[in-house]
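Here is the structure we will look at, set down as structure tokens.
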Amino acid sequence: MFIRLITCLTLLFFVSCKEKITKKIIAQKDTIKEELYEVKFNTLSASYIKDKEHFIEHFFSKKINDKDFSGGFLVAKNGKILFENYSGCSNYKTKEPINENTPLHLASVSKVLTAQAILMLVKDGKIELDQPFKSLFPEFPYEKTTIRMLLNHRSGLGHYGYFADHKENWDKRNTLTNKDILNILATKDIPLEYQIDRKFSYCNTNYALLALVIEKVTGKPFPEAMKKLVFEPLKMNNTFVLSIENKDKVSQSYKGNKAPIAWDFLDAIYGDKNVYSTPHDLLKLDLATYSPNYLTPELKAEMLKGYSYEHRGIRNYGLGIRMNEFDNGNTIHYHNGWWHGNTSSFTTLKKDTVTIIALSNKFTRKVYKSVTLSSLFDDYPYDLED
């Protein structure tokens, strides 16, 4: 009898947990307003909202949610949330459910936020975009590498994950830090992958070095500097940079089968990754970029333009943001991320004032399909039925 009771209670626990995991949340649909960077958008009609919400929900259920989605999904127009959904667990061992306030690892979408901090320092006159990195770190071996080249991935530097993987450069039994990356570059004769400013080459090393710029100029550790420069002004209250000693207290990372993914010697690097945030907080960031009080028009133009036209095609990269530039004149700005089991997608349609965000802590490539929702709002060449 006792065994049967325990069995029933156990089943009840897992059933109730699954209900929490799969419960859909569509809430807080009012425009998110910020005192400092508040922007007035046109009001959407009730029929417009209902029509878009219905389509987005259908899209989410067919393209993103595999009935086991673990993360957050949000679509907003003019600051109005049209649809959002949160499901899964931030920690499957403790069964902690994900909700709208659960920070998830942004992976390379963290670069968007690091770039914003750099641009804030440029706006405040603390640094210049075309300032050599070597002017701040004399030990750096390449004189012509500028802050702009780090931002737009034209530095020619190699990926730290590759050169630190060689035992003559680093002992992988030790956790690698941003300062270690700079020291390896300064002392180990690491060759450039490409000639400086010759071509675009996506490289996490660029943003690990930009994090050092932020620390050097502000005199604060990167997590604190990001809080002061970006998170607090935008009231991104559920956003932070990981401190590796707290790694067991944050949302964990999982394979597609929910098996946990172990931490490794590269997990302490920040700037290129290690920002944890929510779809709501990322929406606040995107809305701020429409405010004339946030970045100057000149800086915003520098951020959103492409820098790499050496190869034909629609893909390009600005300052901390990817873009697809289509033949019809429309442009999509976005950034994707992938670190361990965390996958992320952040899309902003500047002309259409639309934000599309998908974050997952359980590996899935389906979050990258969220960009195709752009076609719901304008003439973008994506097939929503594909």
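Read-outs: derived from the displayed coordinates by stated rules, not from any lab. Bear in mind that the values here come from a model prediction, so they are computed numbers and not experimental data. Virtual Cβ from ideal backbone geometry, glycine too; neighbours counted across all protein chains shown.
Quick rundown of the values:
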{"read-out": "For the stretch 326-343 versus the stretch 185-260, the gap between their alpha-carbon centres in whole angstrom", "value": "19"}
{"read-out": "Long pairs among LYS93/LYS369; LYS77/LYS255; LYS111/LYS305; LYS216/LYS249; LYS249/LYS273, criterion Cα-Cα beyond 23 Å", "value": "LYS93/LYS369; LYS77/LYS255; LYS216/LYS249"}
{"read-out": "Inter-label distance for ASP51 and LYS220, nm, one decimal - labels placed 7 Å from Cα along Cα-to-Cβ", "value": "4.5"}
{"read-out": "Shape category assigned to the stretch 272-322 from the gyration tensor of Cα positions, a/c cut at 1.5", "value": "oblate"}
{"read-out": "Check: the stretch 221-277 dipole with +1 on Lys, Arg Cβ and -1 on Asp, Glu Cβ, in debye", "value": "240"}
{"read-out": "Greater than 28 Å apart at Cα, pairs in LYS63/LYS235; LYS247/LYS362; LYS172/LYS300; LYS199/LYS258; LYS62/LYS350; LYS144/LYS235", "value": "LYS63/LYS235; LYS172/LYS300; LYS199/LYS258; LYS144/LYS235"}
{"read-out": "The chain: relative contact order in percent, alpha carbon pairs under 8 Å with at least 6 residues between", "value": "22"}
{"read-out": "Value of D in µm² per second that Stokes-Einstein yields for the stretch 21-376, Kirkwood Rh from Cα pairs, at 4 °C (1.567 mPa s)", "value": "62"}
{"read-out": "Sites ILE314 and ALA186, calculated FRET efficiency, Cβ-Cβ separation with R0 35 Å, nearest 0.05", "value": "0.40"}
{"read-out": "Neighbour cut-off at most 16 other Cβ (10 Å), DSSP loop, trypsin sites (Lys or Arg not before Pro), the stretch 111-166", "value": "LYS126, LYS144"}
{"read-out": "Reachable aspartates and glutamates from LYS351, criterion Cα separation under 15 angstrom, eight or more residues apart if same chain", "value": "ASP286, GLU325, ASP378, ASP379"}
{"read-out": "Loop sites in the stretch 223-323: chymotrypsin sites (Phe, Trp or Tyr not before Pro), DSSP, at most 14 other Cβ within 10 Å", "value": "TYR309"}
